[in-house]
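Comments concern the structure below.
The values are calculated or read from the model by the stated rules, or taken from the named source; none is laboratory data. Predicted model, so just to flag it, every value in this text is computed and none were measured. Note: ideal-geometry Cβ built from the backbone for every residue, glycine included; neighbour counts use all protein chains shown. The protein model used for the area step is the full one, side chains on, heavy atoms only, and it has no ligands, DNA or RNA in it. Shrake-Rupley method; radii C 1.70, N 1.55, O 1.52, S 1.80 Å.
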Amino acid sequence: MNTALSVPRTLQPRVVRTLSVAQIFSGLGNGSTLALGSILAVDLSGSDAWAGSVNTALTLGTAATAIPLSQLALARGRRVALTAGLAAAVGGTALMVGAVATGLFVLLLAGAFLVGLASAVNLQARFAVTDLADPARRGRDLSLVVWAITVGAVAGPNMVGPGAVLAGGLGIPAQAGPFLIPAAGMVIGAAIVALFLRPDPLLTRRALDGDGPAAKGPGPFRAGWQILRGHPAAGAAIVAVVAAHAVMVAVMSMTPLHMQHHAGHAGGNPDTIALIGFTISLHIAGMYALSPLMGWLTARLGAAPTVLAGLGALAAAAALTGLAARHMPAVAVGLVLLGLGWSAATVAGSALLVSTL
């Protein structure tokens, strides 16, 4: 029986709209952390060796909470899981503001770890939108939710100026300001999910399929490996998405510090932080702005060819940023290409994972 035919016609469009609007606001947080994380890490730790630590903590926060958030979704539904993740991320921004105010490096890392939950929410929202999607439109719906994050994610790194003004009015350090506006955005995103993601898409899907409450089975890692052994295509999809994310983070996380050093060697630039924010915005735009196109390519060409094209773009981006590291326009182009490659591999890889399982 094709249970997708039983989904009320107006329900899936509402899920797409709710998750898309929430993504716009919740996407503000990661952009600011990515733009300033490596600089704050060096300032508070006193060593360039710790430049990548904030982005590492951000990524670890995303990874460490992915399974607990999924388990919470299985037990209580997508609405509860996504709202809880964003609430924790708001707490993370508060810790990062406190780190800037107190100079405590460990507080900065703890805050970045919790902000990583916002990224976990954004990543899981793309699967939430597939719960009730028609198989023929799954890639399109998924890519629309990914695209929606563009507005918030691109705006986030550019909150430096307005955030500094806000910080001055509140009497806190200027570097803490860029985290205040994203925190407000994540609060709005959490409220949208809590109020409007009703009925819950995952619980509705389970009811339509005649499934009861999620059964307790083997531990999540053991169960995951059991599934992958029976579905090689799913394993390939996971490897592709992991590889894409690893390359993207490795190149992107060091770019702000690299640009700061380059500006210093060039005689200094009072707008260096703004330039860094703008460059990271271009990169994030590459990650998300063309995701509907990546969804269309996935449907048109197939998931596997689109994943391979994305991985090829990532390789080209790494080569360009490495070979032309002292030329800032080339670095910016490389970061845009890096984002586009990540988008293709992640959208197509996610669609392949969903369709396989």
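Condition test on Val90, is it closer than 18 Å to Leu170 by Cβ and either over 20 Å from the mean Cα position of the chain (by Cα) or open to solvent by 20 Å² or more (accessible area, probe 1.4 Å) (or both)?
Values: closer than 18 Å to Leu170 by Cβ: yes; either over 20 Å from the mean Cα position of the chain (by Cα) or open to solvent by 20 Å² or more (accessible area, probe 1.4 Å) (or both): yes.
So Val90 fits the description; yes.
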Original post:
Mind checking whether some residue in segment 246-253 is modelled with pLDDT under 80, under 30 Å from Ala345 (Cβ atoms) and either surrounded by 18 or more Cβ atoms within 10 Å (Cβ to Cβ) or under 22 Å from the mean Cα position of the chain (by Cα) (or both)?
Top reply: yes
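Are any of the residues in segment 123-144 closer than 18 Å to Ile280 by Cα and either open to solvent by 30 Å² or more (accessible area, probe 1.4 Å) or in contact (Cβ under 8 Å) with a residue 60 or more places away in the chain (or both)? It would help to see each step written out before you state the result.
First, pick out the residues of segment 123-144 that are closer than 18 Å to Ile280 by Cα: none.
Taking every residue of segment 123-144 in turn, none turns out to be closer than 18 Å to Ile280 by Cα and either open to solvent by 30 Å² or more (accessible area, probe 1.4 Å) or in contact (Cβ under 8 Å) with a residue 60 or more places away in the chain (or both).
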Subject >> Contacts under 6 angstrom Cβ, first residue in segment 225-254 being farther than 27 Å from Leu36 by Cβ, partner in a helix (DSSP H, G or I) and open to solvent by 60 Å² or more (accessible area, probe 1.4 Å), 6 or more apart >> reply: none
Original post:
Looking at (1) modelled with pLDDT of 75 or more; (2) loosely packed, with under 13 Cβ neighbours inside 10 Å; (3) over 18 Å from Val354 (Cα atoms), which is the only condition Leu282 fails?
Top reply: (2)
Original post:
With respect to Ala99, is the statement that it is buried (at least 22 other Cβ atoms within 10 Å of the Cβ), modelled with pLDDT of 90 or more and among the small types (Gly, Ala, Ser) true?
Top reply: yes
Original post:
If we scan segment 254-273, do we find a residue that is among the hydroxyl-bearing types (Ser, Thr, Tyr), at pLDDT 75 or above and farther than 14 Å from Gly334 by Cα?
Top reply: no
Original post:
If Leu108 passes every condition in (1) open to solvent by 40 Å² or more (accessible area, probe 1.4 Å); (2) farther than 25 Å from Gly295 by Cα but one, which one does it miss?
Top reply: (1)
